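Just so you know, all these numbers are worked out from the coordinates, no wet-lab data involved. The model shown is predicted, which means the values in this text are computed figures rather than measured ones. Glycine also receives a Cβ, built like all others from the backbone with ideal geometry; neighbour counts cover every protein chain displayed.
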Amino acid sequence: MCRLITVTNYNQNILDLEDRIKQMNSYLNNKQESYWKEHCYLSLIDSNHLTEPIHYKYQEKEYDIAFDGKIYNVVEIKNKLIELGFTFQTTSDSEVVLKSYIAWQEKCLNDFEGVFAFVIDDGERLFVARDQLGIKPLYYGLDDETIIIASEIKSILAYLGKAVVDKEGIKELLALGPSLTPGHTIYKDIYSLRPAHYMYYQNGINIHRYWSLHDEKHTDDLDTTVKKVRKLVVESIQKQLSYDYPLSTMLSGGLDSSIITAIACQYVNDLTTYSVTYEDQDKYFKAYDYQTSMDDQYIDKMKERYQTTHHQITLTQDQLIHSLKDALIARDMPGMADIDSSFLLFAQDIADNHHICLSGECADEIFGGYPWFYKEELYNQPYFPWMRDLDMKLDLFNDKIKELHLKDYIIQRYQESLNEIQTTDLKKQLIYLNMEWFMQTLLTRAASQAIPSSLDVRVPFASVKIIQYLYNMPVEYMFYNHEEKGILRLAFEEFLPKDITHRKKNPFPKTHSPIYENLIYEKLKESLNDSTNILFEFFDKEKLYHFVESHGKSFDVPWFGQLMMGPQLMAYFYQIYLWGKVYHIQLDI
């Protein structure tokens, strides 16, 4: 897992900005590889995969690249370049990407299969690109004629020396958060380069989309479709296996992680698997609509079948509470509260022994695992289907925030996304919305919470080929046998125990302990004694106090998606409080 930073100004000597750049790097204590040029500074930090900034001179022109990622078809592309007369001094993907750009300019992106974020400087302009599904993060900020590009928002904030949130940022945080409008952040003058987009910077910014889902006629019958789905998933997993570093997988005993583990075991001997649970989870677990069962018995069945070396990581309630701040800083905004902090701790434990871990994330967004794919009351509403009881949520805010017309903003962003896809096919709309919105929230969680421990979390289900095929698949195939992800279950039933094949989807596990509820209640209640608490800028005080005193029970539906209610929602509000304090937020509303 690399962290990328570039600072560029074509009208000023970049050495004049050295103190500000050092301030950016002071937040990052890992080994770094950097290049200074008169107009551009490029740095890669904490490289586990021998990637480094590459400098290359071609036809009297000098090029530099800072690259984070992995190109899975790199050998094929390299062979094409050798046929054109290019030679290579390293085995890195960076060099192949740089020379692909020299050979084909932005059209090189059409050939890349993988995950990537990179910046190329040719002395006159920058070429910046991000992978098709946004697995690798990439942000940029503007400061007069200087552009700052980084893998983490904190690097840009450090350069700017302030964290300003204007009206639009407040709408993003309170109306849409923890999801964000594609291309946006909550901070003024800081943006995200959208997935499947590239950007030229030369006397201004010029952004283009290079890939999108498109309509194709699905002519395969059911049997052929099942075989094709299996082939696409197996190929994606196989490409992301590592033979240079010890490999591991996250194993929850659910359908998606079990498929990843089962296929990885076909190619890797002595696979290590990891699961996460919580102190006294068996004592306090209570099934509810979205989390119907504990994971343990299903994990045991996969361990027995594939003889993996399994590690169950048990997190304490104190760990979850104390890591909320670290998780906030990792994401650079209030996120998914203890779902973030638990992932951060989980990644840290995995990283003690493995640099690479495969995860089943993104299968639900692509194969239709969420209830809003098939519950009419969720998808038949004029805003995002993962939002529930919107009026109840908006009623918590104070009059100043209500004047921002948050509901109108939500509907506006929802409609803008539907206009991008221009189809009346409900399944296609839901796949696109999930790919552009919900999946990005989870990918941001995985990337941000893994960066501090330098764990490379790979997500084979997030495949361009898979999602394009599913996009055009008949809905009755997708939900074969009237089951969520029915086609995926059918494709891999021979690889899994029967009760895992048909296990109902469960989200990433949350703690059910009353100890955690009491701990976060005390933290949030204590924060209300701070007169500078940023929560008072957003929420109606009386309703906020009532929410806290009820231990979060006065808001009894998920704030976002399938989680974030009760203790998790209290933790989210506490993260908002910490965010205001840690980032010294300046509100411009």
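With one equal scatterer per alpha carbon and no solvent term, the Debye-computed log10 I(q)/I(0) for segment 514-588 at 0.11, 0.16 1/Å reads -0.26, -0.55. Placing a label point 7 Å from the Cα of Asn203 along the Cα-to-Cβ direction, the residues of segment 144-158 whose backbone N falls under 19 Å of that point are 144-147. Size descriptors for segment 196-344, from the alpha-carbon set: Rg then Dmax equal 20.5, 61 Å.
Kirkwood radius, segment 244-328, all distinct C-alpha pairs, inverse of mean reciprocal distance: 14.3 Å.
Diagonalising the gyration tensor over the Cα atoms of segment 263-306 and scaling each eigenvalue by 5 before taking the square root yields semi-axes of 27, 12, 9 Å, largest first.
What separates the Cα centres of segment 51-74 and segment 463-481 is a distance of 36 Å.
Taking each DSSP H run with n ≥ 4 as -39500 (n - 2.57) and averaging over every residue of the chain yields -11000 deg cm²/dmol at 222 nm. The Cα center of segment 300-321 and the Cα center of segment 511-589 differ in position by 30 Å. The modelled label-to-label distance for the pair Asn110/Phe536, using points 7 Å beyond Cα in the direction of Cβ, is 5.9 nm. Remark: segment 98-257 projects, on average over all directions, an area of 14.2 nm² (convex hull of Cα atoms). Rg and Dmax, both from the Cα atoms of the chain and both in Å, are 23.5, 71. Under the simplified labelling scheme, the Gln586-Lys402 pair shows an inter-label distance of 3.1 nm, with each label point 7 Å from Cα along Cα→Cβ. Extension gain for the segment Glu76 to Asp144, taken as residue separation times 0.36 nm less the Cα-Cα distance, is 20.4 nm to one decimal. You can think of it this way: the chain between Glu376 and Asp19 has 123.0 nm of extra reach, that is 0.36 nm per residue less the Cα-Cα gap.
Loop sites only, by DSSP: take the chymotrypsin sites (Phe, Trp or Tyr not before Pro) in the chain that have at most 14 other C-beta atoms within 10 Å and name the longest stretch containing none of them. That gives 289-589 as the longest site-free run.
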